[in-house]
Amino acid sequence: MAKLKGKEMIKKRTLSLQKRKALIAYSFLIIPVLFYLAIRIVPALQAFLMSFTTSSSSAFTLENYQKLIHDEVFWKSVKNTLLYVVIIVPLQMLFGLLLALAIERVGGKLKWFYRVVFFLPYMTSIVAISWVWRLLYDPNSGVLNEILVKLNLPTQEWLGSPSTALISISVVIIWQMMGFCMLLFTAGLQVIPRQYYEAAKIDGATKWQTFWNITFPLLNPTIVFLAIIGVIQTLQTFTQIANLTGGSSGGGLGGPLNSTMSVVVYMYNEGFREYNLHYAAASTVFLFILILIVTLIQFRTFNKSYKL
Amino acid sequence: MKAKNFSVAKIIINIFLLIGIVAVSFPFVWMILSSVKSTADFYSFSFWPQSLDFSGYKFVFEKTDFTRWYLNSFIVAIVVTFSNIIFCSLIGYTLAKFRVTGMKLIFLIILSTMMIPTEMLIIPWYVFSSDFQWVDSYWGLIFPGLMEAFGIFLMRQFMASVPDDILDAARIDGMGEFKIWLRIAMPQVKPAISALAIITFLGNWNAYLWPVIVTNTAKMRTLPVGIAMYGTSDAGGIQWNTIMAMSSLTVIPMIIVFLIFQRQIVEGIALSGTKG
């Protein structure tokens with residue numbers, strides 16, 4: 001009897017302890033989680049709802065989407081956004097990797113100096129630095145055309161011509177992002193065990209073989225991470241485009257001739273210049289789906305486990 | 001380290017890196033040079049300023065709300081950073097350390113919101129900001145950033161590694177649960193907190209899309225919005241020396257702060273990247 005009572009008492013006590021724990025956990029969470037719901041989850045659902053209604057009536061309609069898929073400018077912005085991704089993501093990762101490997105190879109005291117300098121662009125204000133690049137690119141006051149003249153090369157329109165504007169913007173983004181990639185590749189390189197390289201040396205592997213058979217596969221987690229982050233960020237490109245195009249040099253954001261317009265710039269123009277918020281919401285739903293698809297594809301294709 | 005001093009390969013790599021350094025730092029040099037040029041130097045191109053002309057800086061401080069923008073950016077970034085440190089670590093700690101029903105579900109829901117692009121939330125934010133008259137106010141600038149999914153995720157990962165024993169020991173000593181989080185758990189994850197602080201501050205200091213939408217008057221602009229608005233809506237053509245003065249005043253302090261805290265910042269960003 002006494003034994004049973006003791007057991008029950010322990011059970012009761014653990015139960016009340018468990019209850020107490022739950023109570024503490026919920027009281028810690030309730031306010032922040034409700035706030036989080038209010039600023040993240042409710043608005044997301046609201047954006048969906050808005051995209052299926054118009055400002056004049058709250059009845060369900062596909063009008064916004066129909067307008068969206070028939071708008072050439074929208075498709076142009078989708079095409080541009082994908083172009084940004086294809087140009088920017090591989091190049092910023094390639095430069096980041098080359099820098100990380102080169103700096104690792106240099107070693108010694110210079111290592112930290114190089115790292116800090118190449119990382120600087122990532123640390124600086126995107127808007128401020130976009131204006132600096134805008135001056136560099138300026139056809140009249142810019143230094144780039146001046147250099148081309150000195151080298152007897154034909155001058156370029158840079159941001160002023162539809163054929164070069166998108167690439168010019170991509171250069172700015174790569175310039176700013178490659179330091180971030182370098183930093184993460186450096187961190188990735190540092191966790192590769194030294195023994196692998198020593199074993200490869202004993203086996204007489206060349207530097208090239210060592211890189212492709214040891215370094216590259218072991219960097220796989222970093223590569224996957226940077227690819228996903230890079231694609232998602234690039235799909236959302238806005239600030240650089242907004243500050244490198246538009247304004248007093250003529251035309252709206254995403255110019256010339258919509259050649260640099262991304263989906264987010266399109267959303268901004270439609271939502272906050274034309275004040276067609278419901279229509280703009282439809283374009284953000286499209287962006288959401290795009291990001292979702294890309295993330296899923298990347299998880300599938302990159303997550304193959306490499307064998308050593 | 002191996003005593004393999006000056007190989008040819010190393011010299012070539014150093015040359016390659018030095019060229020890279022010139023390419024990376026040139027825009028900064030150009031920014032500073034241009035900020036002290038006179039308007040004439042922009043009409044007829046000259047590499048060096050013909051004479052030191054500080055009229056750009058003068059204009060910035062006398063004719064624009066630049067100092068106010070600086071203050072606004074600072075207020076927003078500080079409040080948001082502080083809020084993220086408190087709330088993300090509290091949520092992360094609770095989700096990691098209290099094994100009670102519902103924790104996994106809450107974590108999954110928060111995690112899944114990382115997939116939602118901010119752009120999608122901006123339109124509803126704007127709608128209810130206008131309804132509640134939050135447009136053009138500090139609260140309007142601040143509220144979307146107060147808690148970030150990534151911060152919660154990061155803190156949960158680190159809080160999970162805090163040993164249960166020390167938390168239980170504090171409980172036996174009769175310490176309150178709130179105090180245990182603040183005094184025992186928080187100091188255990190200091191590197192993660194400084195990483196979170198750095199990326200949150202940086203992200204908000206640079207934020208552009210939401211601030212440009214939610215601010216109307218010049219007084220409420222943040223630094224990026226102020227610079228962009230000055231540049232794009234200026235009717236008489238772009239005043240390059242003024243914009244470069246603004247850019248220099250924005251970028252140079254950031255570089256100085258970065259150089260002072262370089263180790264913490266570099267390690268913090270690497271940490272949030274590798275654990276994230």
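The values are calculated or read from the model by the stated rules, or taken from the named source; none is laboratory data. These numbers come from a predicted model, not from an experiment. Cβ sites come from the backbone with ideal geometry, for glycine too, and all protein chains shown count toward neighbours.
Would you mind listing the helices (runs of 4 or more DSSP H) fully within segment B:167-276 where at least 1 residues are more than 7 Å from every other protein chain (Cβ to nearest Cβ) and at pLDDT 90 or above?
Numbers: elements: B:190-206, B:209-214, B:223-233, B:240-260, B:262-275.
Because the criterion is at least 1 residues that are more than 7 Å from every other protein chain (Cβ to nearest Cβ) and at pLDDT 90 or above, the helices (runs of 4 or more DSSP H) in segment B:167-276 that meet it are B:190-206, B:209-214, B:223-233, B:240-260.
Could you please find all residues in segment B:14-32 being surrounded by fewer than 19 Cβ atoms within 10 Å (Cβ to Cβ), without any contact (Cβ under 8 Å) to a residue 24 or more places away in the chain and not aromatic (Phe, Trp, Tyr)?
B:Asn14, B:Ile15, B:Leu18, B:Ile19, B:Ile21, B:Val22, B:Ala23, B:Ser25, B:Val29
So which of B:Trp69, B:Trp134, B:Trp48 is touching a residue at least 40 places away in the same chain (Cβ under 8 Å), hydrophobic (A, V, I, L, M, F, W, C) and not in a helix (DSSP H, G or I)? Before the answer, list the steps.
Working: B:Trp69 fails: not in a helix (DSSP H, G or I); B:Trp48 fails: touching a residue at least 40 places away in the same chain (Cβ under 8 Å).
Residue meeting the stated conditions: B:Trp134.
Filter segment B:127-166 for residues that are among the aliphatic types (A, V, I, L, M), away from chain A (no Cβ under 14 Å) and surrounded by 15 or more Cβ atoms within 10 Å (Cβ to Cβ) and give the result. Write out each step before concluding.
From segment B:127-166, those among the aliphatic types (A, V, I, L, M) are B:127, B:135, B:141-142, B:146-147, B:149, B:152, B:154-155, B:159-160, B:162, B:166; that's our starting set.
Those left that are additionally away from chain A (no Cβ under 14 Å): B:160, B:162, B:166.
Selection gives B:Val162 alone.
Among the residues in segment A:261-273, are any in the same structural domain as A:Ile167 (by TED's automatic domain parsing) and modelled with pLDDT under 90? Explain how you work it out, then say what you get.
Initially, segment A:261-273 is screened for residues in the same structural domain as A:Ile167 (by TED's automatic domain parsing), giving A:261-273.
Then keep just the ones that are modelled with pLDDT under 90; that gives A:273.
Yes, because at least one residue in segment A:261-273 is in the same structural domain as A:Ile167 (by TED's automatic domain parsing) and modelled with pLDDT under 90.
If you go through segment B:2-18 one residue at a time, do you hit one that is modelled with pLDDT of 85 or more, of a type in the set (Gly, Ala, Ser) and not in a loop (DSSP other than H, G, I, E, B)?
No: zero hits.
Considering segment A:43-90 alone, what residues qualify as being aromatic (Phe, Trp, Tyr), exposed (fewer than 15 other Cβ atoms within 10 Å of the Cβ) and either in a helix (DSSP H, G or I) or out of contact with any Phe, Trp or Tyr (no Cβ under 8 Å at 6 or more places or on another chain) (or both)?
Hit for segment A:43-90 is A:Trp75, nothing else.
When residues of segment B:101-112 are filtered for being crowded, with 19+ Cβ neighbours inside 10 Å and under 22 Å from the mean Cα position of the chain (by Cα), how many remain?
Adding up the residues that qualify gives 1.
Of all residues being more than 19 Å from the chain's Cα centre (by Cα) and polar (S, T, N, Q) in segment A:213-231, which is surrounded by the most Cβ atoms within 10 Å (Cβ to Cβ)? Just the residue, please.
A:Thr215
Starting from residues that are assigned to a loop (DSSP other than H, G, I, E, B) and more than 7 Å from every other protein chain (Cβ to nearest Cβ), keep the ones in segment A:124-144 and report whichever is surrounded by the most Cβ atoms within 10 Å (Cβ to Cβ). Walk me through it before giving the result.
Going residue by residue through segment A:124-144, those that are assigned to a loop (DSSP other than H, G, I, E, B) are A:124-125, A:138-142.
Add one more test, that the residue is more than 7 Å from every other protein chain (Cβ to nearest Cβ), and what stays is A:138-140, A:142.
Values: A:Asp138: 20, A:Pro139: 15, A:Asn140: 10, A:Gly142: 23.
The qualifying residue surrounded by the most Cβ atoms within 10 Å (Cβ to Cβ) is A:Gly142.
I need every pair where a residue in segment B:259-276 that is more than 15 Å from B:Thr200 (Cβ to Cβ) has its Cβ under 6 Å from the Cβ of a residue that is surrounded by 15 or more Cβ atoms within 10 Å (Cβ to Cβ) and at pLDDT 85 or above, sequence separation at least 6 or different chains.
B:Gln262/A:Val116; B:Ala270/A:Leu183; B:Ala270/A:Ala187; B:Thr274/A:Ala187; B:Lys275/B:Gln157
Check whether at least one residue in segment A:154-162 is free of Cβ contacts under 8 Å to residues at least 12 places away in the same chain and not in a loop (DSSP other than H, G, I, E, B), and report yes or no. Write out each step before concluding.
Looking only at segment A:154-162, we keep the residues that are free of Cβ contacts under 8 Å to residues at least 12 places away in the same chain, and these are A:154.
Filter again for not in a loop (DSSP other than H, G, I, E, B), leaving none.
Among the residues of segment A:154-162, not one is free of Cβ contacts under 8 Å to residues at least 12 places away in the same chain and not in a loop (DSSP other than H, G, I, E, B), which makes the answer no.
Of the conditions (1) loosely packed, with under 14 Cβ neighbours inside 10 Å; (2) more than 14 Å from chain B (Cβ to nearest Cβ); (3) not aromatic (Phe, Trp, Tyr), A:Ile31 clears all except one; give me its number.
(2)
Please determine, by comparing only the residues of segment A:272-299 that are without any contact (Cβ under 8 Å) to a residue 12 or more places away in the chain and either on the phi > 0 side of the Ramachandran plot or more than 18 Å from the chain's Cα centre (by Cα) (or both), which one is nearest to the other protein chains (Cβ to nearest Cβ).
Going through the qualifying residues, I end up with A:Phe272.
For segment B:188-197, which positions are surrounded by fewer than 21 Cβ atoms within 10 Å (Cβ to Cβ) and touching a residue at least 60 places away in the same chain (Cβ under 8 Å)?
Our first condition is that a residue be surrounded by fewer than 21 Cβ atoms within 10 Å (Cβ to Cβ); within segment B:188-197, this holds for B:188, B:190-191, B:194, B:197.
Passing the criteria: B:Pro191, B:Ser194, B:Ala197.
Would you confirm whether any residue within segment A:97-110 is within 22 Å of B:Val29 (Cα to Cα), touching a Gly at 6+ places or on another chain (Cβ under 9 Å) and either within 13 Å of chain B (Cβ to nearest Cβ) or crowded, with 18+ Cβ neighbours inside 10 Å (or both)?
Of segment A:97-110, the ones within 22 Å of B:Val29 (Cα to Cα) are A:99, A:110.
Checking the rest, the ones that are also touching a Gly at 6+ places or on another chain (Cβ under 9 Å) come to A:99.
This time we only want the ones that are either within 13 Å of chain B (Cβ to nearest Cβ) or crowded, with 18+ Cβ neighbours inside 10 Å (or both), so: A:99.
For segment A:97-110, residues within 22 Å of B:Val29 (Cα to Cα), touching a Gly at 6+ places or on another chain (Cβ under 9 Å) and either within 13 Å of chain B (Cβ to nearest Cβ) or crowded, with 18+ Cβ neighbours inside 10 Å (or both): present.
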